[in-house]
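Just below is one structure, and these are the notes that go with it.
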Amino acid sequence: MPIITLTTDFGEKDHFAGAVKGAIYSELSDIKIVDISHSVAPFHITEAAYIIQNAYSSFPPGTIHIVGIDSELNPENKHIAVLLDGHYFICANNGIISMLANEIRPEKIVEINIHDRILTNFPVLDVFVKVACHIARGGTLEVIGKTIETIKEIRGIDPHINNDETQIVGSVIYIDNYGNVITNIKKAHFEKVGKGRPFSITSRTASFNTIYNNYSDAIDFGTPADKRDEAGKKIALWNSSNYLELAIYKSNPATVGSAASLFGLEYREVITINFK
């Protein structure tokens, strides 16, 4: 039996996540359900896309991913089921899947058409669960929807590279639990444009001219612990997903602060790399 994952903005206080799990178990008692996250900021499509993009490939092929973000059905927000990279995604056609499809072409997309079975204003419960369980039983996408060729795209997701390739202008797309700031600049962008040239990264009060591969690479462990420059050490690095991340070494947003708070960076804030 496949795995069904859940990524939503439901939070932990309300009944929504529990109700969805209960509905799945009512149809398939032996299914495995995995919570990827229920702490996506409300209606934050880019944040949800970043989370699911970096989680789904750790699951086995055939996994079914329910993404419950901005999922209310309306004429501009249809529901889709997508087969991509051997995985199934069930969500609203609001741009979430475009971040994945930017690099991997979907194998099949259908616009879900089983909405005669909607009982409430909770489509993740009424529709997405039905679709997920149908797929888990071995059902095909054509049974629950009509094939379509394109999906809605999130605009402004890629950084801008100027004509003479001396500058990349990106933006903040995600701030994690540690207050680390993730940008939309990928290592591949940087290496293609930079070609090994010296560079400077700037955003508000923060500036960097070195990018590390690990947080600890920024620390000189040859220096005695009581003399190291660790506390508040600002770091630019390629994170585990090869996105440019700005961080503070061992930050804690609740006490000493974080990259987001100390650098004054928020979602969509501009990050610039200039090559010399």
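General remarks:
For every residue, the table says whether it meets (1) in contact with a Pro (Cβ under 9 Å, 6 or more places away or on another chain); (2) outside the structural domain of Asp116 (by TED's automatic domain parsing); (3) part of a strand (DSSP E or B).
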| position | (1), (2), (3) |
| --- | --- |
| Val131 | no, no, no |
| His134 | no, no, no |
| Gly139 | no, no, no |
| Glu142 | no, no, no |
| Arg155 | no, yes, no |
| Glu165 | no, yes, no |
| Gly170 | yes, yes, yes |
| Ile173 | no, yes, yes |
| Asn177 | yes, yes, no |
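- Exactly one residue out of Ile185, Ile109, Ile168 is at pLDDT 90 or above and under 19 Å from Tyr56 (Cα atoms), and it is Ile109.
- Filter result for Ile97 (closer than 18 Å to Ile154 by Cα, exposed (fewer than 14 other Cβ atoms within 10 Å of the Cβ) and in contact (Cβ under 8 Å) with a residue 12 or more places away in the chain): no
- Pick from region 213-238, criterion over 22 Å from Val256 (Cα atoms) and under 24 Å from the mean Cα position of the chain (by Cα), ranking: surrounded by the most Cβ atoms within 10 Å (Cβ to Cβ): Trp238
So that you can scan it fast, the table gives a plain yes or no per residue for (1) touching a residue at least 60 places away in the same chain (Cβ under 8 Å); (2) under 29 Å from Ser57 (Cα atoms):
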site	(1), (2)
Thr223	no, no
Asn239	no, yes
Val256	no, no
Thr272	yes, no
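- Residue-level check: of (1) surrounded by fewer than 19 Cβ atoms within 10 Å (Cβ to Cβ); (2) within 17 Å of the chain's Cα centre (by Cα); (3) at pLDDT 95 or above; (4) not acidic (Asp, Glu), Ile154 misses just (3).
The values are calculated or read from the model by the stated rules, or taken from the named source; none is laboratory data. Computed from a predicted model, the values in this text were never measured in an experiment. Here Cβ is always computed from backbone atoms with ideal geometry, including for glycine, and neighbour counts include all displayed protein chains.
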